[in-house]
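Enquirer: Got a structure here, written out as structure tokens. Questions coming.
What follows draws every value from the coordinates through simple rules; no lab data is involved. On a predicted model such as this, the values are computed, not experimentally measured, just so you know. Cβ coordinates were reconstructed from backbone atoms using ideal geometry, including for glycine residues, and neighbour counts include every protein chain displayed.
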Amino acid sequence: MALLPPFFLDTVVAIGIGDDPINRHWIGTGFIYGNFAGKNDQGRNQYRTWLITNKHVLVGFHKIFVKFNSAQGSDSKDYDIELTARNGRPRWIGHPDKNIDVAAITINPKYLQEEERRFAYFQSDSHVFTREQMVEEEITEGDSVFVLGFPMGWVSPERQYVICRGGHIARIRDFIEEKATDYLIDASVFPGNSGGPVIICPSAISIEGTKNVSKASLIGLVKSYVPYQDTAISQQTHNPRITFEENSRLAIVEPVDAIIETVKLAEKRIKGRIAYSKRKAKSP
């Protein structure tokens with residue numbers, strides 16, 4: 001019995017830096033998000049696809065690499081994404097709030113299909129829970145979650161195999177009550193997990209008077225773990241000598257709402273650029 005839809009694994013990509021593929025350093029995680037864009041002539045849903053990750057994963061770099069598996073064979077291929085335009089501006093869009101760590105980069109699914117790459121994406125109208133939907137589904141502390149990503153840069157050069165770890169929601173009432181913009185999970189995340197999706201785990205069991213979580217859904221992305229610091233004090237001088245930092249096992253999660261806001265801003269800017277280019281082309 002699967003609790004995690006298998007195609008969810010194909011939404012996730014490793015993010016790396018370094019032109020030399022042998023020494024490429026994998027620094028984070030991203031995933032593909034499809035924003036509903038209406039229906040085509042055949043009545044099928046259409047989506048604009050975006051690579052979602054953290055702003056802090058991209059800041060300071062002019063180029064990243066993302067890894068996709070082959071749809072036919074057993075290999076993988078790294079694709080470079082330029083992060084800086086010729087005018088020096090970033091090609092990616094970050095959430096306007098400096099405290100919200102979400103970034104979006106447009107992805108061309110047709111190109112990946114032509115390259116025969118294996119990929120999938122979370123659909124905004126069916127695979128996600130916003131804050132409002134989490135309230136309706138009575139998501140609360142103790143509910144189980146999956147965290148998908150590449151902790152400590154564990155990426156195979158031959159093929160991309162995402163690591164799935166389990167945990168549960170540690171504190172979310174402040175987010176549900178709109179007193180905070182993020183929430184906490186109890187799950188072991190490490191450098192490399194940043195930007196990875198957090199999935200609510202479905203459950204057929206619940207206590208009386210509460211709802212079952214009916215399906216696995218995207219509920220956010222990993223921002224960072226919460227560090228715990230301990231300071232060693234000199235017995236002679238009673239002054240601090242060294243500070244140790246450890247992983248508390250608590251991790252901060254940016255919610256789906258922040259993804260929606262970031263993608264909305266990105267699409268608005270793209271439309272603005274297209275309109276500007278058309279006006280410029282018509283001008284004498």
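Enquirer: Quick check: residue separation of Q236 and D125 times 0.36 nm, minus the Cα distance between them. What number comes out in nm?
Expert: Between Q236 and D125, full extension yields 33.7 nm more.
Enquirer: Could you name the lysines whose alpha carbon sits less than 20 Å from that of K55, not counting residues in the same chain fewer than 8 places away?
Expert: Straight-distance partners of K55: K63, K67, K98, K223, K264, K268.
Enquirer: Still on this structure, I have one more. Can you list residues from other chains, or at least 5 along the same chain, whose modelled amide H is less than 5 Å from the amide H of V198?
Expert: Those qualifying (amide H under 5 Å, at least 5 residues apart or on another chain) are I219, G220, L221, V222.
Enquirer: Express the relative contact order of region 111-226 as a whole percentage, based on alpha carbon pairs under 8 Å and six or more residues apart in sequence.
Expert: 28
Enquirer: If you add up the charges near G88, with Lys and Arg at +1 and Asp and Glu at -1, over every other residue whose beta carbon is less than 15 angstrom from its beta carbon, what do you get?
Expert: Spelling it out: positives minus negatives among the neighbours equals +3.
Enquirer: Could you work out the relative contact order of region 7-282? I mean the mean sequence separation of Cα pairs under 8 Å and 6+ apart, divided by the number of residues, in percent.
Expert: Working: 609 pairs, mean separation 53.0, N = 276.
It comes to 19 percent, rounded to a whole number.
Enquirer: Label-point separation (nm) for Q42 and L4, each offset 7 Å from Cα along Cα-to-Cβ?
Expert: My value for the distance between the label points is 3.1 nm.
Enquirer: Moving on to the next point. Under 8 Å for C-alpha pairs, at least 6 residues apart: give me the relative contact order for region 17-130, rounded to a whole percent.
Expert: 28
Enquirer: On to the next question. Please compute the modelled spin-label separation between I260 and N247, points set 7 Å along Cα→Cβ, answer in nm with one decimal.
Expert: Calculated label separation equals 3.1 nm.
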